[in-house]
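Data first, discussion second: the structure below is written as structure tokens.
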Amino acid sequence: MRKIRLVIALSVAPFVIPFWAAAEGVTVLTGNDYPPFADETLPEGGLATEVVRRAFLQMSEPVEILFRPWERGMVETQAGKYLATFPWSYNAEREKTLAYSEPLYTFSQYFFTRAEAPFRGITEADLQGARLCLALSYNTSGLEQLVEAGVITLVRPQTLSNCFQMIAANRADVVRVNDRIGWTTVDNLGLERSAFRMIEEPVRTSVQHVLFSRAHPETERLLAGFNAALEALKASGAIDEVMSKHLK
């Protein structure tokens, strides 16, 4: 009887795969409606998506990149369900549950408004009474004091596209966004550029990162590897090449 049991056990054992070996590589998240940086309809999934994919390739680390609603992806990454989410700017509150990579890239943000709107500058006096639109997933950094002082009212729809639609319909006045993202969003919505105006003075400089979950067991190793790969890509000129391709 012992021999029979032993034969059965040995015949079954080769087909038993440990749970930790069942999946190859890691999964990271990004989202849609953020041209030219992230959207599954864009070539290579957008600028940020291509940079992240190249960095993992540089590491020889298999990676799956999924597109999820921004806030859902953030929550699931914080919980450790996925390794990381991108691209995000710095937020002190997020740093409690997420570790920031080295910067992917840096860009300036501007205010967009209706062509005929009275808003001409970026000071408190210029923005007095403005309904400033900011998508739910966007960082409110630099705006909290203006809201508390009653200078502006924040409007928080789901997406950046919603903000431009609301401005066109006179349900919001201003949106803060990178110039290329802003004009690309206008074009993608089929709206006339002449209906909008970008205030030429930059509002702020935004630095974007990949956020690694502190709850994920591989974060320490993979974050170090990702930063090293990113540095190598920058040194080789590969990041500049990717940016030129997507921002032309």
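So here's what we get for this one:
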item: Single match in 91, 139 (criterion: assigned by TED's automatic domain parsing to the domain that holds residue 52, surrounded by fewer than 19 Cβ atoms within 10 Å (Cβ to Cβ) and either of a type outside the set (A, V, I, L, M) or modelled with pLDDT under 95 (or both)); result: 91
item: Residue check for residue 205: under 17 Å from the mean Cα position of the chain (by Cα), hydroxyl-bearing (Ser, Thr, Tyr) and assigned to a helix (DSSP H, G or I); result: no
item: Tally, over the stretch 115-142, of residues that are closer than 29 Å to residue 209 by Cα and free of Cβ contacts under 8 Å to residues at least 12 places away in the same chain; result: 1
item: Scope the stretch 179-212; condition of a type in the set (S, T, N, Q) and crowded, with 16+ Cβ neighbours inside 10 Å; matching residues; result: 184, 185, 206, 208
item: Tally, over the stretch 228-244, of residues that are in contact with an Asp or Glu (Cβ under 8 Å, 6 or more places away or on another chain) and surrounded by fewer than 16 Cβ atoms within 10 Å (Cβ to Cβ); result: 1
item: Output for the stretch 117-136, where each listed residue is small (Gly, Ala, Ser) and buried (at least 19 other Cβ atoms within 10 Å of the Cβ); result: 130, 135
item: Total residues in the stretch 42-88, condition modelled with pLDDT under 95 and acidic (Asp, Glu); result: 1
item: Within the stretch 158-188, considering residues that are at pLDDT below 95 and part of a loop (DSSP other than H, G, I, E, B), the one nearest to residue 108 (Cα to Cα); result: 159
item: Residue in the stretch 147-157 that is outside the structural domain of residue 51 (by TED's automatic domain parsing), touching a Phe, Trp or Tyr at 6+ places or on another chain (Cβ under 9 Å), free of Cβ contacts under 8 Å to residues at least 24 places away in the same chain and assigned to a loop (DSSP other than H, G, I, E, B) present; result: yes
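The values are calculated or read from the model by the stated rules, or taken from the named source; none is laboratory data. Small disclaimer: the values here were computed from a predicted structure and weren't measured. Virtual Cβ from ideal backbone geometry, glycine too; neighbours counted across all protein chains shown.
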